[in-house]
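The values are calculated or read from the model by the stated rules, or taken from the named source; none is laboratory data. All values reported here derive from a predicted model rather than from experimental measurement. Here the Cβ positions follow ideal geometry from the backbone for every residue, glycine too, while neighbour counts run over all protein chains shown.
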Amino acid sequence: MPTISIAMIANNEEKNLARSLGSAAWADEIVFVDCGSHDGTEVEARKYPVKYFARPNSPAVYINKQFAVDQAACDWILILDADEEISPALKEEIKRFIAAPGAVAARMPRRNFYFGRWLRHGGKYPDTQLRLFKRGSARFLPLPVHERLAVDGPVGRLEEPLLHYPYSDEEDMRRKLAFYTEILTRSYALKDRGRLSVLLRPFTRFFSAYILKLGFLDGTRGFKTALMDFRTVLASALLYIRQKAERPTDK
């Protein structure tokens with residue numbers, strides 16, 4: 001039977017680790033990279049049989065995710081975020097997949113839990129993720145936002161969803177949204193986006209999620225989720241425009 005490593009990075013995820021690491025306990029190895037946490041993340045992580053590493057946090061998330069992948073020693077690697085959970089059904093499907101010949105990686109759907117409910121629309125489901133791959137067959141691309149794996153070989157698909165709980169409480173929500181605002185602003189700067197382009201983005205994002213992707217079918221929670229994304233993207237746009245205006249120009 002092929003072996004599997006689970007690779008996880010975390011920043012101040014103490015409240016989520018019992019669920020995420022508990023769901024990963026069946027793996028042959030868990031690589032855990034603590035990215036500058038100042039809560040009880042290390043104490044909670046060490047309750048499980050993890051290979052623990054401490055690294056500085058980085059807005060370029062792919063850097064620490066690739067570091068975690070590079071430490072893995074098993075035949076297959078599954079990337080698991082600290083606010084996610086592997087269901088028993090997904091665990092069994094993963095075991096069957098890695099034992100079968102053919103693909104070197106797999107995509108899987110992801111269910112997202114917002115405001116006390118699993119969402120089914122607005123881009124929150126199936127929210128397909130590429131997370132499982134043979135060691136040596138994939139690497140993270142150096143992207144500032146929304147890290148992505150490049151795979152060398154055929155990619156299969158799993159049916160069982162990964163479970164995602166984005167925010168443990170309001171404080172966690174504020175912290176993560178501030179981080180997303182920072183990395184999105186950074187991506188605008190790297191691409192030197194125009195002011196009009198970034199100002200239109202929150203409105204097109206809301207229209208796409210709530211109307212085109214049927215977010216309104218999730219009721220009040222669908223609206224609140226789309227509005228939360230709108231506010232985050234708008235905050236990034238306004239911060240970027242302010243920073244651009246303050247940037248010295250060459251004469």
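Quickly run through the stretch 40-68 and pick out the residues that are in a strand (DSSP E or B) and of a type in the set (A, V, I, L, M, F, W, C).
Result: VAL50, PHE53, ALA54.
So ARG135 fits all but one of (1) buried (at least 16 other Cβ atoms within 10 Å of the Cβ); (2) not assigned by TED's automatic domain parsing to the domain that holds SER87; what number is the exception?
Status for ARG135: all satisfied but (2).
Can you list residue pairs whose Cβ atoms sit under 6 Å apart, with the first residue in the stretch 210-224 being in contact (Cβ under 8 Å) with a residue 60 or more places away in the chain and the second being hydroxyl-bearing (Ser, Thr, Tyr) and surrounded by 13 or more Cβ atoms within 10 Å (Cβ to Cβ)? Count only pairs 6 or more apart in sequence or on different chains.
From the stretch 210-224, the pairs are PHE216/TYR210; ARG221/TYR114.
Could you say whether any residue in the stretch 159-175 is farther than 20 Å from ALA73 by Cα and of a type in the set (Lys, Arg)?
yes
Tell me which of these LYS176 doesn't satisfy, since it passes every other one: (1) assigned to a strand (DSSP E or B); (2) within 18 Å of the chain's Cα centre (by Cα).
So the condition that LYS176 fails would be (1).
Going through the stretch 138-151 one residue at a time, which ones are touching a strand residue (DSSP E or B) at 6+ places or on another chain (Cβ under 7 Å), in contact (Cβ under 8 Å) with a residue 24 or more places away in the chain and more than 30 Å from ILE211 (Cα to Cα)?
If the condition is that a residue be touching a strand residue (DSSP E or B) at 6+ places or on another chain (Cβ under 7 Å), in contact (Cβ under 8 Å) with a residue 24 or more places away in the chain and more than 30 Å from ILE211 (Cα to Cα), then ALA138, ARG139, PHE140, LEU141, VAL151 are the ones that fit.
Tell me, yes or no, whether the stretch 30-53 has at least one residue that is touching a Gly at 6+ places or on another chain (Cβ under 9 Å), modelled with pLDDT of 95 or more, surrounded by fewer than 22 Cβ atoms within 10 Å (Cβ to Cβ) and over 19 Å from ARG139 (Cβ atoms).
yes
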